[in-house]
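What follows is a short report on a single structure.
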Amino acid sequence: MEVVLASTDAQLHLFRNQLEELAGLLSCYGYNVIPYHHASLPEFQKLTVEQKAEVLRTLTAYAQTLKSEYLGKDFSNERFVVQFLFRIGLVPSDEVSETVSNEKYIQIFNREQFQVFRSLNCFDKCSFTLEQLTTRPWYDLWERESLFYYALYGLATTALKLIKFTKIRLDFPYHRVTEVNSRQKLSFDYKIKTLSALTRQGRLEAALTIEDWKC
């Protein structure tokens with residue numbers, strides 16, 4: 001029992017530090033994002049042991065990649081995405097590089113539908129804490145009309161079952177989404193343009209979405 005508690009305490013400490021470091025990095029780009037509401041990190045504590053490890057792994061990779069871009073003083077959105085994928089052990093195809101080129105709103109979700117990456121432009125319309133963003137599945141982050149909710153949820157679950165796909169072009173209309181339990185409960189119009197598979201040894205590990213957001 002003592003070993004488990006020590007491990008949990010170490011995870012909490014590391015996760016808290018990573019959230020604070022990422023908030024500091026984002027402020028260098030002009031984004032004021034709160035790392036967490038409570039130092040006890042209640043949302044992180046609700047996760048399973050495996051989920052905590054994965055969230056911590058991908059958050060660390062995201063913060064390290066953003067730090068590398070900042071130190072390089074020549075930010076590239078495409079390189080930001082590609083280097084993040086390398087850091088989490090996924091080798092992006094040439095198609096992925098072409099897909100993200102010149103796009104503003106890019107997100108990556110893992111198999112459990114947790115967000116593991118968002119392009120900096122996505123912070124333009126965000127009042128979540130970093131803890132909330134990294135510890136909730138997408139359907140607990142934003143509410144939308146039930147028609148679009150079920151359509152997107154169906155798309156996500158179907159994509160996970162597909163044996164093989166590379167990129168799906170979508171024709172979803174814009175629809176209004178509103179943040180759930182955030183500071184400002186921001187709303188904006190949202191649509192997905194494409195959904196790309198990210199695989200490791202033929203197994204789907206994550207999905208990359210190219211989106212468009214507008215007020």
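Every read-out reported here was derived from the displayed coordinates using simple, explicitly stated rules and does not represent laboratory data. Since we're looking at a predicted model, the values are computed, not measured. All Cβ positions, even for glycine, are placed from backbone atoms using ideal geometry, and neighbour counts span all protein chains on display.
Counting other Cβ atoms within 10 Å, which chymotrypsin sites (Phe, Trp or Tyr not before Pro) in region 46-94 have at most 16 and lie in a DSSP loop? Here the sparse-neighbourhood loop sites are F75.
Farthest towards the positive end of the charge dipole of region 1-131, among the residues L12, S97, V116, is the Cα of L12, using unit charges on the Cβ of Lys, Arg, Asp and Glu. The Cα-based radius of gyration and maximum Cα-Cα distance (Dmax) for the chain are 16.9, 53 Å.
Distance between the 7 Å Cα→Cβ label points at Y31 and S127: 1.7 nm. Largest GNM mean-square fluctuation across A61, A39, A53, computed for the chain with C-alpha springs under 10 Å, falls on A39. For the chain, a Gaussian network of Cα nodes joined below 10 Å ranks L47, L66, L19 by mean-square fluctuation, and the top entry is L47.
Quick one: net charge of L59's neighbours, Cβ under 10 Å, K/R +1, D/E -1? It works out to a net charge of -2. If you run the Gaussian network model on the chain, springs between alpha carbon atoms under 10 Å, then out of T48, T99, T65 the most flexible one is T48.
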